[in-house]
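K.L.:
Below is the structure I would like to discuss, written out as structure tokens.
The numbers here are math on the coordinates, done by the rules we state, and not lab data. This structure is a prediction, so every number in the text was calculated from the model and none was measured. Every residue, glycine among them, receives a Cβ derived from its backbone with ideal geometry; neighbour counts consider all protein chains shown.
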Amino acid sequence: MNIKEIESPDFLKSMSLSELNDLAQDIRSFLISSISRTGGHLASNLGVVELTIALHYVFDSPKDKLIFDVGHQSYVHKILTGRAKAFDTLRQYGGISGFQKRCESPHDVWEAGHSSTSLSAALGFAVTRDMKDEDYAVVAVIGDGALSSGMAFEALNQIGSEKRRLIIVFNDNNMSISRNVGALSKSIARLRSAKSYNAFKMNTKSALQHSSFGNAMYSGLKSVKDAVKDTIVDKGIFGELNLEYIGPIDGHNIHDLIRVLTVAREHDGPIVVHAITQKGRGYAPCEKDRDGLWHGVGPFDPATGKPLHGIPQGYATWSEIISSTVEELARDNEKIVALTPAMIRGSALQSFFARYPERSFDCGIAEEHAATFAAAMAAGGLRPFLAIYSSFLQRAYDQINHDICRMDLPVLIGIDRAGLVGGDGDTHHGVFDIGILKPLPHMIIAQPRNAIEARNMIYTALLQEHPFAIRYPRGSAANNKELFEKIEIGTWEMLNSPNKINAAVLAYGPDTERILEKVKANDLPVLVINARFFKPIDTDCLEHLEEMDIPVFIYETDMKIGGLAASVASWCMHRHRMMDIRSYGIGDHYVPHGSETLLKKDERIDLNTLFEDILKEIHD
């Protein structure tokens, strides 16, 4: 069928099993073709095609609430709710989001971009329903990776206590972004190999085998509802939390999925449906991937699976530059250990983990645990490097405050994906970390402008005894290497010496290099300063600028609140100094998804805007 003609999921209920299976294949083909042009989350969505079809067959969205954990696997849900026609705009500026978005459709009742929120949200909806005496189902779809988070267990604990009518679809593909780790994954593996659901199928066969696939299939369900409790041999961890359990079931068998979800819908109380799925199903390059390469992809050739855009020769991703430097220093320092919350490949730690397995720790999707784990290792005399995405760092804020900074422990935090990140949008932009970390005593915060400075910052951080956070963006940089040099903490760097200076620009990160190039190319009377430390700031440099009595343009692409300009303004205020400051940054709002170029232009933090203002000033 023409996928783009779908307006709502209502049509599913009149389809035969054969038609539903054909639809699943059509959706897979559509996903591969569309995502190959726009990029996006491919493997996770290919794995939930049949499951999502079955959910919309059994439940009545949006009356019934379907909540997808993280939301990156909601593409099929978007297709079935009438948004396939907009998939050419997926993750593009002004287009549809790669996650559930309430403003897009009434079928998106919840928004997320980080894992493990679905169960708390589902319980919230269930309590609201019961308090308002309403009647609808609440279904949370959560993967085995997200289930390892502490937040998911906090919710499961209360769900088991509340005993509200609520369905948890446990989407088990033995993967999060990459392969899962930890004792919980072993417990789930035992459930995965259980045969308990086979008994359930045999007991219900006589009640359902003669039913037509349409509405008549529901006859007999009343008599089999109670079979759930009687046929489960081992509920595993779910049974310990007072949750009923059906499973495991083939998550690609639409017939069985519909039968089981129908029983679960009629169950009075919380119930877990354990569905085994294959991440990347239906596309060979995805099916073979065990390292998360196909979790989130850019545009690619669907025939070969090869990306259309690569990294230029001589360049490396910022993640690779940072992680390879830590690995290089670890050769001569056995105290250096590396930790990450389930982002080995994302933070380019594969080589470190392979080279130093006894000094490498994948904490799973557990940012809070990772931060405190690192703190204790530092307290014991090790030098931990904690690689964590900026947007995920937010989840460990209390631990960074309470356990790392309060005890003044030398944990090196690599803040990956700092700044705007493009298509992943408002849940993933790494624009808050400066503001949330700056108030913490003992914390040092810095960002390098190039690979050489990045290497020297890491070298410097490992020579001192305080918490040290180094930010670095998504993308790549020239992978230059030189001998290590220590940087004096809190110092900024004047990058040029114009004969005449009519203005100064304070900037940080790779943008500093671009600003310097434009200033030199146009022979402008502008001093460019690499404000590489956010905390402590270079007060000697600020005093020098004040004496020069020139306009100071403070260029940043993160939040204005708590940013570099705010620190400079605070310094002026507390010392009763005066300085002509022009600041650039993101205002008090969330930034949508889209290309970094368009987002910067929309926020008026692009270099064209900056230089238009500079030229007006120096030519007046």
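K.L.:
So how many Å³ per residue does the convex hull of the Cα atoms of the range 315-478 work out to?
P.N.:
So the per-residue hull volume is 99 Å³.
K.L.:
Could you calculate, for the range 36-139, the ratio of the Cα radius of gyration to the Kirkwood radius, expressed as Rg to Rh?
P.N.:
Looking at the range 36-139, the ratio lands at 0.97.
K.L.:
Can you flag which of 4/63; 85/279; 279/535; 535/601 are past 32 Å Cα-Cα?
P.N.:
Beyond 32 Å: 279/535.
K.L.:
In what sequence do 340, 460 fall when counting other Cβ within 10 Å, fewest first?
P.N.:
460, 340
K.L.:
If I model the range 392-472 as equal point scatterers sitting on the Cα atoms and use the Debye formula, what is log10 I(q)/I(0) at q = 0.16, 0.25 Å⁻¹?
P.N.:
-0.60, -1.23
K.L.:
Quick one: Kirkwood hydrodynamic radius for the range 493-619, alpha-carbon pairs, angstrom, one decimal?
P.N.:
Kirkwood radius, the range 493-619: 15.0 Å.
K.L.:
In which sequence would 560, 601 go, from the one with the fewest C-beta neighbours within 10 Å to the one with the most?
P.N.:
Ordered from fewest to most neighbouring Cβ atoms within 10 Å, 560, 601 come out as 601, 560.
K.L.:
I would also like to ask the following. Lys and Arg at +1, Asp and Glu at -1: add these up for the other residues within a Cβ distance under 10 Å of residue 375 and post the number.
P.N.:
Around residue 375, the charge tally is 0.
K.L.:
Now for a different question. Using only the alpha carbons of the range 575-620, determine the length spanned along each of the three principal axes and report them from longest to shortest in whole angstroms.
P.N.:
Principal extents (Cα only, largest first): 39, 30, 10 Å.
K.L.:
While we're here: Starting from the alpha-carbon convex hull of the range 1-55, give the projected area averaged over all orientations, in nm².
P.N.:
Projected area, direction-averaged: 3.9 nm².
K.L.:
Determine how many Å³ per residue the convex hull of the Cα atoms of the chain encloses.
P.N.:
167
K.L.:
Mind listing P(r) for the range 558-600? All alpha-carbon pairs, 5 Å bins, whole percents.
P.N.:
5, 20, 23, 19, 14, 9, 6, 4, 1
K.L.:
Taking the Cα centre of the chain as the origin, how large is its charge dipole in debye, to the nearest 20, when only Lys and Arg (+1) and Asp and Glu (-1) carry charge on their Cβ atoms?
P.N.:
1560
K.L.:
How would the range 264-350 be classified by its alpha-carbon gyration tensor: rounded, prolate or oblate, with rounded meaning a/c under 1.5 and the a/b versus b/c comparison settling the rest?
P.N.:
oblate
K.L.:
Count the net charge of all other residues whose Cβ sits under 12 Å from the Cβ of residue 569, scoring Lys and Arg as +1 and Asp and Glu as -1.
P.N.:
Neighbour charge sum, excluding residue 569 itself: +3.
K.L.:
For a footprinting-style exposure proxy, rank 482, 367, 596 by other Cβ within 10 Å, fewest first.
P.N.:
So the ranking, lowest neighbour count to highest, is 482, 596, 367.
K.L.:
Tell me the relative contact order for the chain as a rounded percent, counting alpha carbon contacts under 8 Å between residues six or more apart.
P.N.:
11
K.L.:
Here is a further query. When you have a sec, figure out the Kirkwood radius of the range 92-134 from all distinct Cα pair distances and drop it here in Å to one decimal?
P.N.:
Taking the inverse mean of 1/r over all distinct Cα pairs, the range 92-134 comes out at 12.0 Å.
K.L.:
Moving on. Excluding residue 40 itself, calculate the net charge of residues whose Cβ lies under 10 Å from the Cβ of residue 40, where each Lys or Arg counts +1 and each Asp or Glu counts -1.
P.N.:
Combined, the nearby Lys, Arg, Asp and Glu give +1.
K.L.:
Would you mind giving the three semi-axes, in whole Å and largest first, of the ellipsoid equivalent to the range 65-104 according to its Cα gyration tensor?
P.N.:
After diagonalising the Cα gyration tensor, the semi-axes are 16, 11, 9 Å.
K.L.:
In Å, what Kirkwood hydrodynamic radius results for the range 402-548 from the alpha-carbon pair distances?
P.N.:
16.4
K.L.:
Scanning the chain for helices, which whole DSSP H stretches are 30 Å or more long along the axis (Cα) and average -1.0 or more by Kyte-Doolittle?
P.N.:
17-38
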